[in-house]
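Asker: I am attaching a structure below and will ask some questions about it afterwards.
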Amino acid sequence: MDWMTFVVGVLKAIAWPATLLGLTFWLRKPIRDLVPLLRKLKVKEFELEFVEKVERLDMDAHPKPRSPRVQFSLDAPRTGKDHGEVAANTDIPVKKLTREEEVLRLAPLSSRAAIMEAWGEVEAASAKAAASRWGPGNHPETFRTMARLGEYLLQSKVIDDGQLVAFNTLRDLRNKAAHAEELNIGVNETRKYVELAFALAKHIRSA
């Protein structure tokens, strides 16, 4: 083998690595600039998934009464003697918010916090129901992180097949929301999640 053949062989051997190295060096800035875009696309993908799944659950859910809203009246209380005078005693009893109403108020402030709190209600109700059916002496906290908690509730006839789907979907969305770097879920979608979670928790407690 002469020196020319040797040189050609060496050039062939290093051609692709050198080309790849050159492309990497040349494209390093465009690739670096793509990272934030890819992150945003990933966040957007979860937001679309959240909206789609919550809408589907909301459509499949059994009809449920809406949470009562606190009503405020602008009319001042009047005395029985003279309707033209404002009553001296203007003490108006303030209606205490329910737990669901408290969590719903979180929706415009932090969708992540509202989702976490709402799922916490389902988790607490589920753990308590599972512990009561497992046997005496079991603490509900033991069941909070049970991987197949929903399936156990189905087996115990606490929930049905449709509610198991809702249980697993709500838990999956909660886990993704908890670990998302950015979260821009709309207020309406967050409220629907909260209402679905509280409706499921209420059913589990009453089962």
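The values are calculated or read from the model by the stated rules, or taken from the named source; none is laboratory data. Since this is a predicted model, take the numbers as computed values, not measurements. Because the Cβ atoms are built from the backbone with ideal geometry, glycine has one as well, and the counts that use them run over all protein chains shown.
Asker: If I filter the range 124-148 down to residues being out of contact with any helix residue (DSSP H, G or I) (no Cβ under 8 Å at 6 or more places or on another chain) and within 21 Å of LYS176 (Cβ to Cβ), which single residue comes out as modelled with the lowest pLDDT?
Answerer: Across the range 124-148, the extreme among qualifying residues is THR145.
Asker: On to the next question. Filtering the range 138-171 down to residues that are closer than 14 Å to GLY120 by Cα and aromatic (Phe, Trp, Tyr), which residue is surrounded by the most Cβ atoms within 10 Å (Cβ to Cβ)?
Answerer: Per the stated criteria, the residue is PHE167.
Asker: Now, a different point. Out of (1) modelled with pLDDT under 95; (2) within 13 Å of ALA61 (Cα to Cα), what's the single condition that is false for TYR193?
Answerer: Here TYR193 meets the rest and fails (1).
Asker: Give the residues of the range 172-191 that are of a type in the set (S, T, N, Q) and surrounded by 16 or more Cβ atoms within 10 Å (Cβ to Cβ), sorted by residue number.
Answerer: The initial filter retains those residues of the range 172-191 that are of a type in the set (S, T, N, Q), namely 175, 184, 188, 190.
Listed by number, the list holds a single entry, THR190.
Asker: What helices (runs of 4 or more DSSP H), lying completely within the range 97-207, carry at least 2 residues that are of a type in the set (Lys, Arg) and within 26 Å of GLU55 (Cβ to Cβ)? Before the answer, list the steps.
Answerer: Details: elements: 99-104, 111-134, 149-155, 161-179, 187-206.
Per the criteria, 161-179, 187-206.
Asker: OK, next. Which of the residues that make up the range 45-61 are among the hydrophobic types (A, V, I, L, M, F, W, C) and either outside any helix (DSSP H, G or I) or farther than 12 Å from ASN184 by Cβ (or both)? Talk me through it step by step, then tell me what you get.
Answerer: Filtering the range 45-61 down to residues among the hydrophobic types (A, V, I, L, M, F, W, C) leaves 46, 48, 50-51, 54, 57, 59, 61.
Passing the criteria: VAL54, LEU57, MET59, ALA61.
Asker: Out of all the residues in the range 86-101, is one or more closer than 25 Å to LYS176 by Cβ, of a type outside the set (Gly, Ala, Ser), at pLDDT 75 or above and surrounded by 12 or more Cβ atoms within 10 Å (Cβ to Cβ)?
Answerer: Here is the first cut: in the range 86-101, the residues closer than 25 Å to LYS176 by Cβ are 99-100.
Then keep just the ones that are of a type outside the set (Gly, Ala, Ser); that gives 99-100.
Within this subset, residues satisfying the condition of being at pLDDT 75 or above are 99-100.
Okay, now just the ones that are also surrounded by 12 or more Cβ atoms within 10 Å (Cβ to Cβ), so 99-100.
Yes, because at least one residue in the range 86-101 is closer than 25 Å to LYS176 by Cβ, of a type outside the set (Gly, Ala, Ser), at pLDDT 75 or above and surrounded by 12 or more Cβ atoms within 10 Å (Cβ to Cβ).
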